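Have a look at the structure below, then the notes.
The values are calculated or read from the model by the stated rules, or taken from the named source; none is laboratory data. Note that the structure is a prediction, hence the values are computed from the model and not measured. Counting neighbours? That spans all protein chains shown, and the Cβs are built from the backbone with ideal geometry, glycine included. Keep in mind that these areas ignore ligands, DNA and RNA; they rest on the heavy atoms of the full protein, side chains included. Shrake-Rupley method; radii C 1.70, N 1.55, O 1.52, S 1.80 Å.
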Amino acid sequence: MLRALAILAAVFAGPVHAQGLNLFSLGSGEVGGSYFAAASAICESVNRAHRGVLRCSPEATPGSRYNIEALRTGQLDFAMVQSDWQAAVFLGKGQYAAQGPMTDLRSVMSLYPEALTVLARRDAGITSLTDLTGKRVDVGPPASGRRATVLRILEKLGENTDSFGRVFELPTGGAISELCAGRLDATLLIVGHPNSAVAKALADCDAELLPMAGPAVEAALDGNTEYVPFTIPMATYPQLSADLPTWSVIATVVTRADMDADLVRALVASTLDTLRPLAMRAPVLGALDPVLMRSQGLSAPLHPGAAAAFSAFLAAAPKP
């Protein structure tokens, strides 16, 4: 049951109405990816809690960069974006410098770490990023936050795609299929774990996960607020023989400042009230921490509706 708020249909002057329902969209990522699984689970929680009043639609998209522009132009009501891209668009840095800061961007909640995940064929002779020279490597679709983040990390490490034998720009599912077919040597992913596509590649294909560690990596990424050290636990996949060190950004949910505060509050409250069912529907949401969800990876100010939901939930939580 919702602890935070019981919401009536008449309260909302929301984005779209149909037969008494308040309809709103949550932009995610490609079908089969972690973003879409997470958005689908979150929307299901909202729809169950507010049946007949709210209808959350998880929209499949190319990813973070597309979501940002769709949110900016009003095509999406809420959007999932990587924390590094949230910071870039809110501050007007990097590729968003010409447009200037998106000052009306607001944080809704933080979700889970998205790790730089190097997945390679065992027979490709790849043990680190420096071994990608001359190889067939996927870096993600042009409109995806994954591709942009991968290229930025490669640049920080003094690497670039010019040295690759061939560059692929595939969605995650396509990259896994090409890897399994032997037409791709490695794919560089930015994903939450456990991940069903990664699990499939490890189980059904001659693939392995590679660590992102060592002095050169630490020198390039340590102290950079956009990336944080992360470990993929050995228990995540049966094929791992040890914990796997790497780096991550954070998956976040954002909206605009003018979004209805009650609607934002309902979205966050429904998520907080169903953490255990969420983990069952989307394993990538299995380690959500309400305290971290309010702050981790959030550059844009917290929307007042989200702040109210977090305050109510944490105030009602049992004290240790």
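One table, with the values for the structure above:
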{"quantity": "One residue from 294, 256, 281, 276 being surrounded by 15 or more Cβ atoms within 10 Å (Cβ to Cβ) and out of contact with any strand residue (DSSP E or B) (no Cβ under 9 Å at 6 or more places or on another chain)", "calculated": "281"}
{"quantity": "Some residue of the stretch 228-244 being within 28 Å of residue 87 (Cβ to Cβ), in a helix (DSSP H, G or I) and modelled with pLDDT of 90 or more", "calculated": "yes"}
{"quantity": "Matching residues in the stretch 49-58 - criterion: being more than 23 Å from the chain's Cα centre (by Cα) and charged (D, E, K, R)", "calculated": "51"}
{"quantity": "Residues of the stretch 19-48 classified as outside any loop (DSSP other than H, G, I, E, B) and within 21 Å of the chain's Cα centre (by Cα), total", "calculated": "17"}
{"quantity": "Test result for residue 203, open to solvent by less than 10 Å² (accessible area, probe 1.4 Å), among the small types (Gly, Ala, Ser), in a helix (DSSP H, G or I) and without any contact (Cβ under 8 Å) to a residue 60 or more places away in the chain", "calculated": "no"}
{"quantity": "Residue within the stretch 105-114 that is under 17 Å from the mean Cα position of the chain (by Cα), farther than 19 Å from residue 267 by Cα and touching a residue at least 12 places away in the same chain (Cβ under 8 Å) present", "calculated": "yes"}
{"quantity": "Options 147, 122; residue that is over 26 Å from residue 39 (Cα atoms) and of a type in the set (D, E, K, R)", "calculated": "122"}
{"quantity": "Residue in the stretch 108-124 that is open to solvent by 20 Å² or more (accessible area, probe 1.4 Å) and in a strand (DSSP E or B) present", "calculated": "yes"}
{"quantity": "Subset of the stretch 61-95 (residues that are open to solvent by 60 Å² or more (accessible area, probe 1.4 Å) and polar (S, T, N, Q))", "calculated": "73, 75, 95"}
{"quantity": "Scan of the stretch 147-199 for residues that are in a loop (DSSP other than H, G, I, E, B), under 18 Å from residue 128 (Cβ atoms) and at pLDDT 90 or above, ordered by number", "calculated": "164, 165, 184, 185"}
